[in-house]
1. Before rounding to the nearest 500, sum -39500 (n - 2.57) across all DSSP H runs of length at least 4 in the chain and divide by the residue total; then give [θ] at 222 nm in deg cm²/dmol.
2. Mind jotting down the three principal axis lengths of segment 82-152 based on Cα atoms? Whole angstrom, largest first.
3. Could you work out the relative contact order of segment 25-76, using alpha carbon pairs under 8 angstrom and six or more residues apart, expressed as a whole percent?
4. Can you tell me the Rg and the Dmax, both Å, for the Cα atoms in the chain?
5. In whole percent, what relative contact order does segment 89-154 give with Cα contacts below 8 Å and a gap of six or more residues?
6. Mind checking segment 109-143 for trypsin sites (Lys or Arg not before Pro) that DSSP puts in a loop (not H, G, I, E or B) and that have at most 16 other Cβ atoms within 10 Å?
7. Could you run the Karplus curve 6.51 cos²θ - 1.76 cosθ + 1.60 with θ = phi - 60° over segment 130-142 and give me ³J(HN,Hα) per residue in whole Hz, x for Gly and Pro?
8. Which GluC sites (Glu not before Pro) in segment 71-154 pass both tests, a DSSP loop state and at most 15 other beta-carbon atoms within 10 Å?
Amino acid sequence: MTNPMTLRLDSLKANSGARRRKLRKGRGIAAGQGASCGFGMRGQKSRSGRPTRPGFEGGQMPLYRRVPKLKHFPIVNRRNFSVLNVSSLNDLKAGTTVSLDSLVKDGLLTNPKYPLKILGNGELTAKLTVQAAAFTKTARSKIEAAGGTCEILD
C-alpha cells in the first residue's frame, strides 16, 4: 500500500481558499460591484476602456522620460575603446604604420580589449600613418599637422 503523504501529479490541488472566483463587475447591487463597478461616478478614470496609458501623469513630463536626462545615468549602447594619447606616439620611428597590433608589440598598450581610439593630449613630432577605430578632432589635427595620416578602421 502506498503512503497517503506521497506527492504525485494526480494528487496535486490548491489549498482551500487559495483560488477565489473572479469578481463579476456590473451585475447588480447584490454582486458587490454593481453599476459603476467601483470606479466612481464621473471622471477620466471611470470611463470605459483604459483611460490613460501606463506611466501617464496628467500631461506632466512622465518619470520614464525625465529620468534619462538627469546626471549619472549610464549610456545604454556605450562604445568602449582602448585609448592612447598622441604624446605616446612620439617614441615610435617616423614613417611607420601604427595600429593596435603594432602598439601591443611595442609595449605601448598592454591589454587591448577594445578597438583603438587616439586622443589629442600632448604634442606629436613624428610623421606616422595611424590606423584606429576613432580619433578625436585634436588628435586628427595634430597627426596631420606633423605630416602623418589618419585611417579609420571598422
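FYI, it's all coordinate maths here, none of it is from the lab. Fair warning: this is a prediction, and the values are worked out from it, not measured in the lab. Every residue, glycine among them, receives a Cβ derived from its backbone with ideal geometry; neighbour counts consider all protein chains shown.
1. That comes out to -3000 deg cm²/dmol.
2. 29, 23, 20
3. 15 percent
4. 33.9, 94
5. This gives 33 percent for segment 89-154.
6. Loop-located and lightly packed - 113, 127.
7. Here the 3J(HN,Hα) series is 9, 10, 8, 6, 7, 10, 7, 4, 5, 5, 4, 5, 5 Hz.
8. 123
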